[in-house]
Every structure is written in C-alpha cells, then in structure tokens.
1. Above 19 angstrom, tally the Cα pairs of segment 1-113 and express them as a % of all pairs, no decimals.
2. How big is the charge dipole of the chain about its Cα centre, in debye rounded to the nearest 20, if each Lys and Arg gets +1 on its Cβ and each Asp and Glu gets -1 on its Cβ?
3. State the extension gain, in nm to one decimal, for the chain segment bounded by ARG232 and ARG106, taking 0.36 nm per residue of separation less the distance between their alpha-carbons.
4. Would you mind checking which residues have amide H under 5 Å from VAL79's amide H? H placed 1.01 Å from N; only 5 or more apart, or other chain.
5. Taking the Cα-to-Cβ direction at GLN194 and at GLU115 and moving 7 Å from each Cα, how far apart do the two end points lie in nm?
6. Scan around VAL141 for amide H atoms under 5 Å from its own, H built in the peptide plane at 1.01 Å from N, and keep only partners 5 or more places away or cross-chain.
7. So how far, in whole Å, is the C-alpha centre of segment 31-89 from the one of segment 118-178?
8. Just grab the label-to-label distance for LYS20 and VAL40, each label 7 Å out from Cα along the Cβ direction, in nm (one decimal).
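The values are calculated or read from the model by the stated rules, or taken from the named source; none is laboratory data. Predicted, not measured: the structure shown is a model, and the values here were computed from it. Glycine gets a Cβ as well: all are built from the backbone with ideal geometry, and neighbour counts include every protein chain shown. In case anyone asks, the SASA skips ligands and DNA or RNA and just uses the protein heavy atoms, side chains included. Shrake-Rupley method; radii C 1.70, N 1.55, O 1.52, S 1.80 Å.
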Amino acid sequence: MEILVQHYQAVCERITQATKACGREAGSVRLLAVSKTFGVDAIRTVAACGQVDFGENYIQEGVEKIQQLRAEPATAALVWHCIGPIQSNKTRLVAEHFDWVHSIDRLKIAQRLSEQRPEHLPPLQVCLQVNIDGGPTKSGVTPEELLDLAQAVASLPRLRLRGLMTIPDPHPDEAAMLAVHQRTAQVWRQLQSQLPDQTLDVLSMGMTADLALAIEAGSTLVRVGTAIFGRR
Ligand SMILES: *Cc1c(COP(=O)(O)O)cnc(C)c1O
C-alpha cells in the first residue's frame, strides 16, 4: 500500500510539472484516478491521500464499489465518473449511482440518463466523447456530428453538459500525439464559442502515457490508471 501512495504522489508531481512547463496556471488540471479492476482497499488508500475523483469503466463493477464506499464516512464524499461504454440496459444504474459520465456519444443514451436521473440527486454532469482520429468503428462522435449532439444534450433537463472526452490512439511520435490533442482542444474551443450559454469547462484528455502532452494541448482533466494503481 505504501507503494500506491508513492505512485499517487509521483502522478500528482508529473501533473504539477507538466502544468508549469507549458505556463498554465497551477491547479488548472484535475486528476481522475481510474480504479477499474482494482479493489476498494486500493481506492481507500488513494482517497486517504486526498484524491476525490475516481473513474470506472465497467458499470456493474463500479456500482458495487460505489455502494460500498459511500457507506463509509471516510469515502462517502468521493466523486464517481463513468468513463466506459454504456449499453441501454445499464443507463439506470449509471443515472442512480454516478456523478459524472464522460462517454456519451449517442442521444438515446443521454435521453435515458436524463429520464432516469433520480430527483433527489443533482443533475448528472456529462462530457461528450469525440472521435478525433479514428474510423467509423471507433466510439465517439465525429467533430462534424458534435454540435447537433451537444445542442440536444444541453436541452435535457437532468443532465448538465460540461465538455468533451477523447481517447486517441496511442502514438509513439510525441509531435504527432501532441498534434492530435491540439486538434481535440480546437474542437472543444469551437464548441464553447458555438454554445456560449453552456459552461463547457472540461476537456477530459490524457492518460498515463500521454498526460504531459495532453496538458500542453489544453486538457483540464487527465484520467490516470496504470501510473497510480499498477498494471491491469
Ligand atoms: C483505462 C482508461 C484510462 C486509464 O488508462 P491508463 O493508461 O491506465 O492510465 C483512461 N481513460 C479511459 C477511458 C480508460 O478506459
């Protein structure tokens, strides 16, 4: 468990350094600790370091951890982000248990989440997943489809549209990787200007391998699993 604390602190340091290196304001990049496949003990340890935001990919697995940890005072206030694909038959679980969803790429899923979000909870905070570099088989909407989906999602009563999420293919060439991230940042800024009455303050971009490049390109939230919890 001690090693987990060291890994967590090293990731925080990487984020601080990357933010400083490109002249961005300290604290402008949020860390999402991606705990998929890891157990509640590991999450408790990282939460005890002060980490608040946790990300899960698999709905059923995530909900079991959320229910367990919400019942414990030390972890009751953690914020849970769904970052994996969502099938129609899982929307109710997501709407009832998560605080955020990053992986919206179809209106039908967004509509179900809005309808199923319980009245006693605040609106579900959502990002649209954008497919910046992939073919038609990859998850996410294309930049061309983005505005229509964003307008429709923004009008749903129980969702709050917050920005974009992207999972580009890994690229060994850093300059090429940076260029992909910069294209996504450009699409995000364009959407901000197209929907000026929405607070689209989140660009969810960057993982263990590419977080510094994502921060350089303008990411406001990096999703880090392996560098904190170890290999899956
Ligand atoms: C697993 C996952 C991550 C974390 O990836 P690492 O390379 O382990 O940091 C981030 N985002 C999404 C959508 C994931 O599925």
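1. Pairs farther apart than 19 Å: 51 percent.
2. Using Cβ point charges on Lys, Arg, Asp and Glu, the chain gives about 300 debye.
3. Between ARG232 and ARG106, full extension yields 42.5 nm more.
4. ASP53, PHE54
5. 2.6 nm
6. GLN129, VAL130, ASN131
7. Cα centres, segment 31-89 to segment 118-178: 21 Å.
8. Spacing of the two 7 Å Cα→Cβ label points: 3.8 nm.
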